[in-house]
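Below: the structure, in structure tokens.
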Amino acid sequence: MYLGIQRPEYKSKLITTTQTTGDITRQIVKGIRESLPQARSTKDKFKGRTAVETLNKLWRYLKFYYYYEAEPVERQTVKTLARIYADKNKGNDCKHFTTFITTYCLQHNIPVMLRLVSFRSNDRTPTHIYPVAIVNGKEIPVDAVINKFGVNPPGIKYKKDIPLNF
């Protein structure tokens, strides 16, 4: 066991040389699905008294203990939870933070969806992704890339939500 979960396999697999948003989103969902069993042994680490407290713990953990680094557009990767833990100080981007938070939301039975956004008014192509939990019918964005918990990043021009059916 490594940090309470299995060691990452350190495998790289080229999905496609020209990735579309759909390609990347499908791979993120696959990474979340593969990460679910990896999170079972560590899920209690983030358990709060309420769902919102659990979400805040997840956000704070990534925000203050993980190195964020955006990947270049020509080199987009998806990681499992084990690899995200292993790359704590090497850099993870919004896709990896999304996989981490979404995996633990699902382990805690917190409904969650993926939100893809664009900040450009002349281009709807998403450039950022983050999870949005639903607690008591209210959306709670959990974007560890920005400096405030529970809000959407500023400047969004277009958004697309991807429901998860696990």
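The values are calculated or read from the model by the stated rules, or taken from the named source; none is laboratory data. Bear in mind the structure is a predicted one, so any value in this text is a computation, not a measurement. Every residue, glycine among them, receives a Cβ derived from its backbone with ideal geometry; neighbour counts consider all protein chains shown. Just so you know, the surface numbers come from the protein's heavy atoms only, side chains and all, with ligands and any DNA or RNA stripped out. Shrake-Rupley method; radii C 1.70, N 1.55, O 1.52, S 1.80 Å.
Pairs only if they're at least six apart or on different chains, beta carbon under 7 angstrom, first in region 97-111 and open to solvent by 30 Å² or more (accessible area, probe 1.4 Å), second among the aliphatic types (A, V, I, L, M); list them, first residue then second. Short answer, once both residue conditions are applied: 106/36; 106/112; 111/133; 111/134. Looking across region 117-135, the residues that are loosely packed, with under 14 Cβ neighbours inside 10 Å and either without any contact (Cβ under 8 Å) to a residue 12 or more places away in the chain or touching a Leu at 6+ places or on another chain (Cβ under 8 Å) (or both) come down to 122, 123. Which of the residues that make up region 135-159 are within 15 Å of the chain's Cα centre (by Cα) and either polar (S, T, N, Q) or part of a strand (DSSP E or B) (or both)? Matches in region 135-159: 140, 141, 152. Just one of 11, 63 is of a type in the set (Lys, Arg) and either modelled with pLDDT of 95 or more or within 19 Å of residue 131 (Cα to Cα) (or both); which is it? The unique qualifying residue is 63.
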